[in-house]
Each structure stands twice: as C-alpha cells, then as structure tokens.
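Working notes for the structure below.
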Amino acid sequence: MTKSVRYWAVIPAAGTGTRMQANLPKQYLTVNNKPVIEYTLSAFCNHERISGVVVAISPQDTCWTNLRIAAHPKIRTITGGEERCHSVLNCLYYLRGIADVDDWVLVHDAVRPCISKQDIDILIRELNGHPAGGLLALPVRDTMKRADDRNIVCETVDRDKLWHALTPQMFHLGDLTGAIEAAVEKGQIVTDECQAMEMTGAKPLLVRGRFQNIKVTHKDDLPLVELYLKQVTIQITGEGNQVL
C-alpha cells in the first residue's frame, strides 16, 4: 500500500524585527490584544491537512513560553539560525526525523497573520502532483522603478510577468532540504525557499494568492492587519457580510 503524503508547516520566527523599531520582535506585537504569531500558528494548527508545525525561535527569545498556543500538541520548537534560511534548514532537519522525504513542507512567515484556511487549501490543491512545488504570489500592479544608490530613478521596469512572492511556499521535504543546504554551502543567503529551489534548476509554480496576506514589516502595517483580522472574525461569527 502506498503511504499517504503528509503536509507540515515550518514557521521561522527567530528574527528580531529591527526594522520595526519596537521593544519586542515584531511577531510578538499584539493586534486586537493577541500576538501576531498566534494568528499565524492558529491557521496551521487548526487546518486538518497539517500534520505538525515546527517553529524556529531565537535562543534569546523570552516571549515564546508566554503564548497560549505554545503548548498546542501540533507544535514543536527548535533553535533558529542567523538568517531565515538557516532557521528553515534547522526545521527541515528536525522534520527529517519524523517525516518522509516526499512529504510536503509549507514554509510561512511568522508575521503574515492574515493567512487563511482558503489560502492553504488552494496552495495544496494547485500543487497536487506538481513536480517542483510552488508558492503563493500576486502579480505586480504598480509601475516599477529601478533606482541608484541615491534613490535616483535609473529606469522603468516592465511589470509584465512580475509577481510579488508571498508565503506559504510549498516544496517536498527532501528537495527543499537539499536546495537550502546547497545554497548555504555556496555562501548564498537565499531570501526565500523558492530562490533556493530555482538555484537547483527547479521550476516552481506561482499560485495566485490574496492581497490581504500581507507581511508585518513596519508599524504602519499593524492597523491594516487589524482591519483584515476583524473582517475574518466577523465572517466566522456571522456578525456581518464582510468577506476576507
């Protein structure tokens, strides 16, 4: 009998969020009286297709144990690395002890709290049977400019076929582990999992996501996240007709 492929989530959360200029790492800032990372983790812990969630945290992290969701039975924590790719690789090494190389891994930013069940569903559905894997993304809408070191416009970049990379990014455990290992060995700091896969010659698929799946990078992002999350709450509770 063929063994069923399983799905695992990896959440790199070892960053300090220096661009946020806050006293706490940005994943622990609160929205509607709840830490950002709790919304993120809840989406994966509550999804019936996700077998487990591996979270990479900093050795200096003093906030994790205060989270209510930290004790969830699906969650395991490991020590994060210097860069995102190192944290993800540590998570993948842990998964190799409990998962199969052909299992799928969904890597998601800890600070994208507006991820929905529908986002996860569509990614799993669209990548079913795909040889490489892929990621949620959005086509670029605005005119794109390239600048020099003084922020002077050098050129206007054709936005046709340009996409914003989102997360989750979903690849087979064995393939992704090998791809990030190869990048690290070359001294290449890849900024997302897709880049590591591209370096191996793989051709990941772009799956259209939603603009609400935003990343908390600056303080100005928090009010927008709060609005989106309130819309989700209204939709779930049936208190209105807003749809996220």
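The values are calculated or read from the model by the stated rules, or taken from the named source; none is laboratory data. This structure is a prediction, so every number in the text was calculated from the model and none was measured. In this analysis, Cβ positions are derived from the backbone assuming ideal geometry, glycine residues included, and neighbour counts consider all displayed protein chains.
Entry remark, the stretch 78-118: residues being without any contact (Cβ under 8 Å) to a residue 24 or more places away in the chain and acidic (Asp, Glu) number 1 in total.
Applying the criterion of being at pLDDT 90 or above and part of a loop (DSSP other than H, G, I, E, B) to the residues of the stretch 216-243, the residue that is surrounded by the most Cβ atoms within 10 Å (Cβ to Cβ) is Val216. Inspect the stretch 132-154 for any residue being assigned to a loop (DSSP other than H, G, I, E, B), of a type in the set (Ser, Thr, Tyr), more than 27 Å from Phe44 (Cβ to Cβ) and free of Cβ contacts under 8 Å to residues at least 40 places away in the same chain and give the result as yes or no. Within the stretch 132-154, one or more residues are assigned to a loop (DSSP other than H, G, I, E, B), of a type in the set (Ser, Thr, Tyr), more than 27 Å from Phe44 (Cβ to Cβ) and free of Cβ contacts under 8 Å to residues at least 40 places away in the same chain.
Does the stretch 55-71 contain at least one residue that is of a type in the set (A, V, I, L, M, F, W, C), within 13 Å of the chain's Cα centre (by Cα) and within 19 Å of Thr177 (Cα to Cα)? Yes, because at least one residue in the stretch 55-71 is of a type in the set (A, V, I, L, M, F, W, C), within 13 Å of the chain's Cα centre (by Cα) and within 19 Å of Thr177 (Cα to Cα).
The residue list Thr191, Thr200 contains one member that is touching a residue at least 24 places away in the same chain (Cβ under 8 Å) and over 20 Å from the mean Cα position of the chain (by Cα), which is Thr200. If the condition is being touching a residue at least 24 places away in the same chain (Cβ under 8 Å), of a type outside the set (A, V, I, L, M) and within 19 Å of Lys117 (Cα to Cα), then the stretch 44-59 contributes Phe44, Cys45, Asn46, His47, Arg49, Ser51, Gly52.
Looking at this structure, is Asn213 at pLDDT 90 or above and part of a loop (DSSP other than H, G, I, E, B)? Yes.
Of the residues making up the stretch 176-194, those that are part of a helix (DSSP H, G or I), among the acidic types (Asp, Glu) and either at pLDDT below 95 or surrounded by fewer than 21 Cβ atoms within 10 Å (Cβ to Cβ) (or both) number 2.
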